[in-house]
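Q: Before I ask anything, here is the structure I am working with.
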Amino acid sequence: MKNLATQRPVLFAVLVLLILEAIVFGALLISKLAGIPLLSLDLPMLLLNAIFAAILIGVMRWWKETGFTVPSQWKNLRFLIIPLVLLIGPTLFLQPQFPPLDRAIILVIVTLLIGFQEEAIFRGVLLRTFMPRGTMQAVFISAALFGIIHVNSFLVGRDPLFIVSQIIASFLGAIGLGALRIRMNTIVPLVLLHALNDFLQFSATGGLEAGEVALYISILKIVLGGLIALYGLYLLRGHRDDTSTEE
């Protein structure tokens, strides 16, 4: 598997995305055959994605390479301040309706799973896979793949306009997250940041099952994604191209 990633990175990335898609379509098939709402299968899908990410990294022995480093190896954590302000501040301004405790616990689990599997696969495995092509290319390719995977949101009945904005914002935001992953030599804070951001957004927009979403939220997502992308490009200025994390 590691040889495939290093020797044929594009094919490897396609296979990873196909496995993720297979999980989604498997859930769709179960939903249709058993008459179960697709959203009720969201947690099992996330668990499968998280297990897949962990197995993939474990088989390749890429825990350190994908950013799961010990705290003593973390660097430049101050770079998280701006993303925290940009992501968390505006969401709090939307006055999210915090769910009851039992639902909040489920939402915490769901968002942690989302944070882990998306960061581990896209800012971990796929970013590392394309690093031999250069830091900037690796960041942009992994960000593009991250945007593409959000097309799946069309399958759960969310607002189409919101999904389009989510795809664009995910691509833009992933540029900043990729830069943070490289400059901080860790992925762990990004998992937590991702989970916190999703928790607040789901609370503000009505949760995973939200239908129509206000237009200004879609616009805000793109604007914030753009700002985070610019911040990521700033962090990567002059960064040397290699296959390792920052020295």
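What follows draws every value from the coordinates through simple rules; no lab data is involved. Everything numeric here is computed off the predicted structure, so don't read it as measured data. With ideal geometry, Cβ positions are generated from the backbone for all residues, glycine too; neighbour counts draw on all protein chains shown.
Q: Work out the FRET efficiency for residue 136 and residue 85 from their Cβ-Cβ distance, taking R0 = 30 Å, and round it to the nearest 0.05.
A: Calculated value: 0.75.
Q: Please arrange 142, 218, 31 by how many other C-beta atoms lie within 10 Å of their C-beta, fewest to most.
A: Final ranking by Cβ density, sparse to dense: 31, 218, 142.
Q: For segment 2-236, what does the relative contact order come out to in percent, with C-alpha contacts under 8 Å and a separation of six or more? It would help to have the intermediate numbers written out before the result.
A: Values: 274 pairs, mean separation 61.2, N = 235.
Here the relative contact order equals 26 percent.
Q: Counting only helical runs of four or more DSSP H residues, what would the 222 nm mean residue ellipticity of the chain come to if each run contributes -39,500 (n - 2.57) and the total is spread over all its residues?
A: Numbers: 10 runs with 166 residues, N = 247.
Counting only the DSSP helices, I get -22500 deg cm²/dmol.
Q: Amide H neighbours of residue 69 under 5 Å, counting only residues 5+ apart in sequence or on other chains, H built in-plane at 1.01 Å?
A: 187, 188
Q: Sticking with this one: Would you list which lysines come within 16 Å of residue 2, measuring only between C-alpha atoms, while excluding same-chain residues fewer than 8 positions from it?
A: 64
Q: If each residue's Cβ is checked for other Cβ atoms within 10 Å, how do 110, 191, 164 rank with the fewest at the top? Could the numbers behind the result be given before it?
A: On the way: 110 20, 191 23, 164 16.
The order, fewest Cβ neighbours first, is 164, 110, 191.
Q: I want to verify a result. In a Gaussian network model of the chain, Cα cutoff 10 Å, which of these has the top mean-square fluctuation: 176, 115, 58?
A: Of 176, 115, 58, the most mobile in the Gaussian network model is 58.
Q: Another question, then. What ranking do 119, 65 get, fewest neighbouring Cβ atoms within 10 angstrom at the top?
A: So the residues, fewest neighbours to most, are 65, 119.
Q: Another question, then. Tell me, in nm to one decimal, what length is gained between residue 154 and residue 97 on full extension, where the rule is 0.36 nm per residue of separation less the Cα-Cα distance?
A: 18.1 nm
Q: If the only charges are +1 at each Lys and Arg Cβ and -1 at each Asp and Glu Cβ, what is the size of the charge dipole of the chain around the Cα centre, to the nearest 20 debye?
A: Dipole size: approximately 620 debye.
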